[in-house]
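Below you'll find the structure, written out as structure tokens, and then a few comments.
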Amino acid sequence: MSVASRTESQFRNIQKDARSWRQDIHKHPELGFQEDRTAGKVAGLLAESGLDVHTAVGTTGVVAVLKRGAAEQAIGLRADMDALPIQEANTFEHRSVHDGVFHGCGHDGHTAMLLAAARQLAGSGEFDGTVYFIFQPSEEDGRGALSMIEDGLFERFPMQAVYGMHNMPGIPAGHFAVRKGAIMTSEDIFVITIRGRGGHASMPDRAIDPVVIAAEVILALQSIVSRSVAPQDWGVVSVTEVLTDGARNVIPSTVTIKGDCRAMSTNTQELIAARMREIVAGITAAHGAEGSVEYRNDFIVTVNTADETAAAIAAAREVAGEPAVDANCPPCSASEDFARMLQVKPGCYILIGNGLDGHCGATLHNPNYDLNDEILTVGADYWVALVEAQLPAR
């Protein structure tokens, strides 16, 4: 039974179940690689639906297999399960019961959508081939996808393509946005250490003041994007922390500068890292100090492949209608661990609107955010439409 032929009663049942699952997961959030309760609930519901369930994939990941017909074609659908280390400010009944842990990015909803799609496809889906339902841990810190891949995700569950989805406040509820090519940025973390010579605040001539040097470095970092990255490219360099070992009347010996960089291409990533090292080396040398840069690539650019993006657009249009699908949306400045899977397999990452107002319009990672339960069935229907189009029944 396709999405189009589903009865109103079946729609209400799917909506009710998905809402119940989502709110329960929201109420009991778990951080990356600690999703034991969530993974157990996911595995149990998938088993109830008759799927072949594999647990502990990449630590706490879950993969379920649904095969129908004789076709060898297979695709993967991925949702993330982890929460954030944020104190929730909401007061509704399904608010987090764990202080300092909160589903502030909607992974509870992503999980519920994929569970609902699995149940519908297992019960009445019209397709020929294999669907792998991938429930990933630890997306927020960029470790979960690689953990599953290193645990043999694509060898144990061979698929030709893999797809992901994320809700997005600021887009009308149930609308979709996607683009071919780079859709989400890389994220790199840097730690700059400047070592001078500390001393008495009243005798700066006897010191090598790392605070003054750090100030020059911070200002110079702002020239990387404006003067080294080409205008048609895209990059962000943000200093987010400055720490010293000084005191009120003590010139410190060491200053630590921490921050975050974003880019839409590997070339820009590498350019930012190289220019940062040159700036730190040059300025510290000019002052007779020492400087070092630790630069870590946490997230790579999320790149959608052409054929799979076309398939995602077609499925979204079938579910939401052509006017509700932006097929060439601007790139998003956030980063996504799903990029690691797209580095191995072709696929597409699509955004589904969470709404414009209230909790649903609050930005991701905001203490007042909540996923819009009204989009759960739209998201599940998208997955079903995608499967039935990519694995057509014979």
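The values are calculated or read from the model by the stated rules, or taken from the named source; none is laboratory data. The structure presented is a predicted model; accordingly, all values stated were derived computationally and were not measured. Methodologically, a virtual Cβ is constructed for each residue, glycine included, from the backbone with ideal geometry; neighbour enumeration extends over all protein chains shown.
Here ILE257 meets the list (1) of a type outside the set (Lys, Arg); (2) in contact (Cβ under 8 Å) with a residue 12 or more places away in the chain; (3) within 30 Å of LEU342 (Cα to Cα) almost entirely, failing just condition (3).
Of all residues in the range 60-90, those satisfying the criterion of being assigned to a loop (DSSP other than H, G, I, E, B) and under 28 Å from ASN366 (Cβ atoms) are THR60, MET81, ASP82, ALA83, PRO85, ILE86, GLN87, GLU88, ALA89, ASN90. Residues considered: GLU93, GLU30, GLU48. Of these, the only one that is within 22 Å of MET165 (Cα to Cα) and of a type in the set (D, E, K, R) is GLU30.
When each of LEU371, LEU351, LEU364, LEU386 is tested for being more than 17 Å from HIS107 (Cα to Cα) and either in the same structural domain as PRO172 (by TED's automatic domain parsing) or not aliphatic (A, V, I, L, M) (or both), the lone residue that passes is LEU386.
The set of residues in the range 18-44 that are under 15 Å from GLY100 (Cα atoms) and of a type in the set (A, V, I, L, M) contains only LEU31.
For the range 215-232, what are the residues that are part of a loop (DSSP other than H, G, I, E, B) and either surrounded by 15 or more Cβ atoms within 10 Å (Cβ to Cβ) or touching a strand residue (DSSP E or B) at 6+ places or on another chain (Cβ under 8 Å) (or both)? Passing the criteria: GLN222, VAL229. Step by step: first the residues of the range 138-150, then only those that are buried (at least 24 other Cβ atoms within 10 Å of the Cβ) and in contact with a Phe, Trp or Tyr (Cβ under 7 Å, 6 or more places away or on another chain), then the one that is farthest from GLU35 (Cα to Cα). Which residue is that? Checked the range 138-150; the qualifying residue farthest from GLU35 (Cα to Cα) is ALA145.
Condition check ((1) under 22 Å from SER138 (Cβ atoms); (2) surrounded by 24 or more Cβ atoms within 10 Å (Cβ to Cβ)) across all residues:
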position: GLU290; (1), (2): no, no
position: ASP307; (1), (2): no, no
position: ASN328; (1), (2): no, no
position: SER333; (1), (2): yes, no
position: CYS360; (1), (2): no, no
position: LEU364; (1), (2): yes, no
position: ASP373; (1), (2): no, no
position: GLY379; (1), (2): yes, yes
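Please pick out the residue among ARG95, ARG143 that is farther than 26 Å from PRO331 by Cβ, among the basic types (Lys, Arg) and assigned by TED's automatic domain parsing to the domain that holds ILE313. Before you say what the answer is, go through the steps one by one.
Numbers: ARG143 fails: farther than 26 Å from PRO331 by Cβ.
So the residue among ARG95, ARG143 that is farther than 26 Å from PRO331 by Cβ, among the basic types (Lys, Arg) and assigned by TED's automatic domain parsing to the domain that holds ILE313 is ARG95.
When the range 233-249 is limited to residues that are assigned to a loop (DSSP other than H, G, I, E, B) and among the charged types (D, E, K, R), the one that is nearest to SER292 (Cα to Cα) turns out to be ASP245. Of all the listed residues (PHE190, PHE176, PHE135), the sole one being under 30 Å from LEU219 (Cα atoms), surrounded by 20 or more Cβ atoms within 10 Å (Cβ to Cβ) and among the aromatic types (Phe, Trp, Tyr) is PHE190.
Could you please give the count of residues in the range 10-42 that are of a type in the set (A, V, I, L, M, F, W, C) and in contact with a strand residue (DSSP E or B) (Cβ under 9 Å, 6 or more places away or on another chain)?
Residues of the range 10-42 that are of a type in the set (A, V, I, L, M, F, W, C), as a first pass: 11, 14, 18, 21, 25, 31, 33, 39, 42.
If we keep only those that are in contact with a strand residue (DSSP E or B) (Cβ under 9 Å, 6 or more places away or on another chain) as well, we get 31, 39, 42.
Qualifying residue count for the region: 3.
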